[in-house]
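What follows is one structure encoded as structure tokens, with my remarks underneath.
The values are calculated or read from the model by the stated rules, or taken from the named source; none is laboratory data. Bear in mind that the values here come from a model prediction, so they are computed numbers and not experimental data. Don't worry about glycine lacking a Cβ; one is built from the backbone with ideal geometry, like all the others, and counts go over all protein chains shown. Areas reflect the complete protein model, heavy atoms only, side chains present, ligands, DNA and RNA absent. Shrake-Rupley method; radii C 1.70, N 1.55, O 1.52, S 1.80 Å.
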Amino acid sequence: MLACLLTALLGPIVTTASPAAAAGEAWSFTPPSALAGQTITASGTGWDPDPYTGPVYLFLPGIDPNPSNAWMSADVSADGTWSIEVTVPSYQAGQYRFFACQICSFIDSPGPPNAETYLNVLAVFTPAVSQALPNTSVPVTGSGWSPNEAVSLYTSIGTLGQPDSLVGTVMPISDGTFDNAAAFTVPGIPAGKYVFVACQGCTYGSEALTVDVPFVVTTVPNDTLQTLAVAPAKQAVGEDVSVSGTGWSLTDGDVSVYADIADLGAGLDPLATTTVLSGGEINTTVTVPDRGVDSLTLYACQVCGDSDLEARATLTIAERSVPVPILEVQPTSGAPDDQLQATGTGWLDGPVTLVIRRSAGVGRVDLATATAVDGVFEQELAVPDMDPGQAEIVACQLCSGADRIEDIVAFTVLSPQIDNPVIALDRRSVEPKARITVSGADWAPDDGEVTVLIGPAGDEEPTDVWFRVQPAEDGTFTEEVEAPDRDNGQYKVVACQRCDESEHPVATAPLAINGGLDLLLVVGGAGGGLALLLAALLGVMLLRRPGRVAASPEPSPPPTPTARPDVRLVMDDDLQVGWQDASDRPAGFKLPGIDIVARLDPAPLADNVEVLR
């Protein structure tokens, strides 16, 4: 059936007997599909450049490849290429095979080089106008159609073959074109943009020969003048006005609205661009620009600069009422990165610039741009990284113009809040080079390493670096390190971040370093009294091994002891030594530091001393 249809519509696809192309030579049309009468390019590669071989001859479909019958010819360049312009023959729409050869003297079997290519000839259906009122007769021209069947015009591709969507029919003449009487009548359908479809074999669906025909059914006569109106006709700079118009073309694109026709010539952007509605109307909104004049002549156009589709309207500039803007900021002081809330009332609708500065023209830092709606805005701000001191937050509109609108709020920039980290040692007393665990918490992981320094307890700011450590994401660290090799004594451990800054996080802890004196405690004496030598006291203060007590000289035989309460020699965390009666010790009481108990009896010293820690 398809073969019959194509034969009926297009006639046969005509070819001529030809041998297979020799290896290398080829040619084609650019573009490969074209309208009858259209000028296109034929070009080839891989052909023999030898002058004795001769030019390349092109033959129309169905023509014997004899040079005397050639359609066109082209000389071959030294690189084996050639190119010429050709005019598409007035064929019916369809695909055609063309032949080319160099040695073409043999009618039935030309020798190489030779090659063939294809060209798609398109059908044409062109209305005389692109838009018209319903019931208007529109002339058409066309080509590439079969003279054996009428061309039907439907309102859309989806309605082919449906009688109620048929716009009209046109009968081609013998060469596939239309005569001067060819026309169709615009149907009485709603105004709008349509894509009509002209076809032959319309009921064969995708196998039908079809051509899209864009067309606008309009309510606006072609000779209608365009209009432009502005409301209100008097408005202040920065305010909006409505722009409307009638009689605009539905086929010539959008309408551009300029503040003045001179803007078009100067290459300035239009105030607005709007789409034409189905009835030829336009409706848009523009903001009155500040041109320093008392009035503007708005200019609207389609195909601006290349058509007479244009209109003008006068807009009088009114004096702008100056609002009384108010800016509020809460709180009115804060350190860098603190969050603030800015609110405003009485502003022009549109952007509001917010900045902080030391004073007018000094130390300005942009904060944000808020948008006022109905004169009101709310905006979150963050205090920038500024030195502490007095400043002011400014909100403004038309900030660089003579009509600047602003309000100012005094603000105090506070010093950055310093963190309160901690450092802890697992022991308060340690031998030189012994292992000790140092831990920390509440350090800022993004402030770099924690530097741990050590120096004598009396130093206000130790400078000797013990070690450095990077805190974890939760602000903690734990390091097992070697105690410094220092003389016996009391030391201050200082940890800091950003240590070279005037204000920085810092934490301290005490540490005692002792080098090996043992405790010497003597129990005994006349009358059973307790004799404590000064050396014992010094031993307690410099104690290095709390669980060990040095042996004492053999005591002289004491008299019969009298029952006495336990006596405790106490060393607390600050290494303060004192006595405590056991009877004064509450149940469950536990002193920090070292607690030494001596019993008053004649037993050997090692049995008389108990270390409670």
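Does Asp240 satisfy being of a type in the set (Asp, Glu), modelled with pLDDT of 90 or more and closer than 29 Å to Gln397 by Cα?
Details: of a type in the set (Asp, Glu): yes; modelled with pLDDT of 90 or more: yes; closer than 29 Å to Gln397 by Cα: yes.
Considered against the rule, which asks whether it is of a type in the set (Asp, Glu), modelled with pLDDT of 90 or more and closer than 29 Å to Gln397 by Cα, Asp240 comes out as yes.
How many residues are in contact with a Gly (Cβ under 9 Å, 6 or more places away or on another chain) and at pLDDT 85 or above when one looks only at segment 487-518? So the answer is 13.
Pick from Pro190, Pro112, Pro89: which is under 30 Å from Thr45 (Cβ atoms) and either open to solvent by 70 Å² or more (accessible area, probe 1.4 Å) or of a type in the set (S, T, N, Q) (or both)?
Of Pro190, Pro112, Pro89, the one residue that is under 30 Å from Thr45 (Cβ atoms) and either open to solvent by 70 Å² or more (accessible area, probe 1.4 Å) or of a type in the set (S, T, N, Q) (or both) is Pro112.
Of the residues contained in segment 278-287, one or more are found to be open to solvent by less than 10 Å² (accessible area, probe 1.4 Å) and under 22 Å from Val129 (Cβ atoms).
Any residue at all in segment 362-372 that is touching a residue at least 40 places away in the same chain (Cβ under 8 Å) and charged (D, E, K, R)? Step through it out loud before you land on a result.
Of segment 362-372, the ones touching a residue at least 40 places away in the same chain (Cβ under 8 Å) are none.
No, there is no match, as no residue in segment 362-372 is touching a residue at least 40 places away in the same chain (Cβ under 8 Å) and charged (D, E, K, R).
Apart from one condition, Arg320 fits all of (1) basic (Lys, Arg); (2) free of Cβ contacts under 8 Å to residues at least 12 places away in the same chain; (3) open to solvent by less than 80 Å² (accessible area, probe 1.4 Å); the exception is (2). Considered as a group, the residues in segment 230-250 that are buried (at least 17 other Cβ atoms within 10 Å of the Cβ) and out of contact with any Asp or Glu (no Cβ under 9 Å at 6 or more places or on another chain) include one that is nearest to Cys304 (Cα to Cα), and that residue is Ser249. Select from segment 140-197 the residues that are touching a residue at least 24 places away in the same chain (Cβ under 8 Å), within 24 Å of Thr218 (Cα to Cα), in a loop (DSSP other than H, G, I, E, B) and more than 55 Å from the chain's Cα centre (by Cα) and list them in ascending order. Within segment 140-197, Ala182 is the sole residue that qualifies.
Filtered by the rule that a residue be closer than 17 Å to Thr332 by Cβ, under 28 Å from the mean Cα position of the chain (by Cα) and open to solvent by 40 Å² or more (accessible area, probe 1.4 Å), segment 379-398 gives Gln379, Glu380, Ala382. As for segment 491-508, it holds at least one residue that is out of contact with any Phe, Trp or Tyr (no Cβ under 6 Å at 6 or more places or on another chain), part of a strand (DSSP E or B), in contact (Cβ under 8 Å) with a residue 60 or more places away in the chain and over 22 Å from Val430 (Cα atoms). Those strands (runs of 3 or more DSSP E) of segment 401-469 in which at least 3 residues are touching a strand residue (DSSP E or B) at 6+ places or on another chain (Cβ under 6 Å) and under 15 Å from Glu482 (Cβ atoms), considering only elements entirely within it, cover 435-441, 464-469. If you go through segment 485-499 and keep only what is open to solvent by 60 Å² or more (accessible area, probe 1.4 Å) and touching an Asp or Glu at 6+ places or on another chain (Cβ under 8 Å), you end up with just Arg498.
For segment 38-54, the condition holds for no residue, the condition being that it is surrounded by 13 or more Cβ atoms within 10 Å (Cβ to Cβ), modelled with pLDDT under 90, among the aliphatic types (A, V, I, L, M) and at negative phi.
Every condition in (1) under 21 Å from Ala233 (Cβ atoms); (2) more than 31 Å from the chain's Cα centre (by Cα); (3) surrounded by 12 or more Cβ atoms within 10 Å (Cβ to Cβ) is met by Gly292 except one, and the failing one is (3).
Take Gly265 and tell me if it is under 34 Å from the mean Cα position of the chain (by Cα), open to solvent by 20 Å² or more (accessible area, probe 1.4 Å) and modelled with pLDDT under 90. Talk me through it step by step, then tell me what you get.
Working: under 34 Å from the mean Cα position of the chain (by Cα): no; open to solvent by 20 Å² or more (accessible area, probe 1.4 Å): yes; modelled with pLDDT under 90: yes.
Spelling it out, it is not the case that Gly265 is under 34 Å from the mean Cα position of the chain (by Cα), open to solvent by 20 Å² or more (accessible area, probe 1.4 Å) and modelled with pLDDT under 90.
Would segment 202-209 turn up any residue that is in contact (Cβ under 8 Å) with a residue 60 or more places away in the chain, in a loop (DSSP other than H, G, I, E, B) and open to solvent by 30 Å² or more (accessible area, probe 1.4 Å)? Steps first, please.
First pass over segment 202-209, keeping only residues in contact (Cβ under 8 Å) with a residue 60 or more places away in the chain: 204, 207, 209.
Then drop every residue that is not in a loop (DSSP other than H, G, I, E, B), which leaves none.
No, every residue in segment 202-209 fails to be in contact (Cβ under 8 Å) with a residue 60 or more places away in the chain, in a loop (DSSP other than H, G, I, E, B) and open to solvent by 30 Å² or more (accessible area, probe 1.4 Å).
What residue, among those in segment 304-317 that are open to solvent by 60 Å² or more (accessible area, probe 1.4 Å) and at pLDDT below 90, is nearest to the chain's Cα centre (by Cα)? Here the answer is Gly305.
Mind telling me which of the residues Leu153, Leu122 ends up being under 16 Å from Phe178 (Cα atoms), modelled with pLDDT under 90, surrounded by 15 or more Cβ atoms within 10 Å (Cβ to Cβ) and of a type in the set (A, V, I, L, M, F, W, C)?
Working: Leu153 fails: modelled with pLDDT under 90.
Of Leu153, Leu122, the one residue that is under 16 Å from Phe178 (Cα atoms), modelled with pLDDT under 90, surrounded by 15 or more Cβ atoms within 10 Å (Cβ to Cβ) and of a type in the set (A, V, I, L, M, F, W, C) is Leu122.
Restricted to segment 48-107, the set of strands (runs of 3 or more DSSP E) holding at least 2 residues that are hydroxyl-bearing (Ser, Thr, Tyr) comprises 82-87.
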